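These notes concern the structure reproduced below.
The values are calculated or read from the model by the stated rules, or taken from the named source; none is laboratory data. Computed from a predicted structure; not experimentally measured. Neighbour counts are summed over all protein chains in view; Cβ atoms, including those assigned to glycine, are modelled from backbone coordinates with ideal geometry.
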Amino acid sequence: VLARGDKYSDEHFDGMCTYCGETPDTKDHVPSKVLLNEPFPENLHKVDCCLKCNQDFSSDEVYFACLLECIINGSANIADLKREKIKRILSEKEHLRRKIEESIIITDGHKAFNVDVKAIENVLLKLARGHSVFEASRPRLEKPTYFLYKPLHLLTETEKDNFFSAPEVEIYPEVGSRLFNHLILHNNTSFSNWIHVQDNDYLYLITSQISQFSVRIIIYNYLAVEVIWAN
Ligand SMILES: [Zn+2]
């Protein structure tokens, strides 16, 4: 079995930032390390990126990682949180902790978070674009045709069925891409290999069919994300 990340880990650029299409001058981790726990898995995935994107996404990513931890634990008090990294970040960034705390609203007696949708979508699209380039060697700069993100427990039955389905392989992805190699190595006729980046904290699945290309992600066993582009 190919050690993931090994074969393609040379620092060479394919000529395009994964997120904006400009000339790349650095590499970016997918997913961003703020979403993973230490010790990090070996051979973290990397894609080409320009310096501007590398820096511009950073504050949204930190916000997103902290927000998720607060939502999962129903609190923005550091003592109520579990992930060490997030506790550390929020102890250092009181303004961010307060921003999240002030976004808590009570509706019908339930705690809810009035989240920064723009920041969240920015991060989730970036993740999907990163996985797409890493697995299928193809940037997806255009707007997706479908974009869903929801806590797993709030998915409708239909959404859940679709999300956990394993679509059949209609055409094989580009020869030599990781996606192609997964299918060949595992002798698969359907897309069913969820990639566990870190235990059950971060998983994703790529499916490529004649009409559409989809990236599904599950973060902290809590948030389900699916981004689809027309092929
Ligand atoms: Zn860029």
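Remark: residue 108 falls outside the filter, which requires a residue to be within 14 Å of the ligand (Cβ to nearest atom) and at pLDDT below 95.
In region 31-59, the residues that are free of Cβ contacts under 8 Å to residues at least 12 places away in the same chain and more than 16 Å from residue 135 (Cα to Cα) form Cβ pairs under 7 Å with partners that are among the aromatic types (Phe, Trp, Tyr) and more than 16 Å from the ligand (Cβ to nearest atom), at six or more places apart or across chains, as follows: 33/40. Looking only at residues in region 76-112 that are hydroxyl-bearing (Ser, Thr, Tyr) and over 26 Å from residue 125 (Cα atoms), the one that is nearest to the chain's Cα centre (by Cα) is 91.
Taking strands (runs of 3 or more DSSP E) as the structural unit, those lying wholly within region 32-123 and holding at least 3 residues that are exposed (fewer than 15 other Cβ atoms within 10 Å of the Cβ) correspond to 104-107, 110-113.
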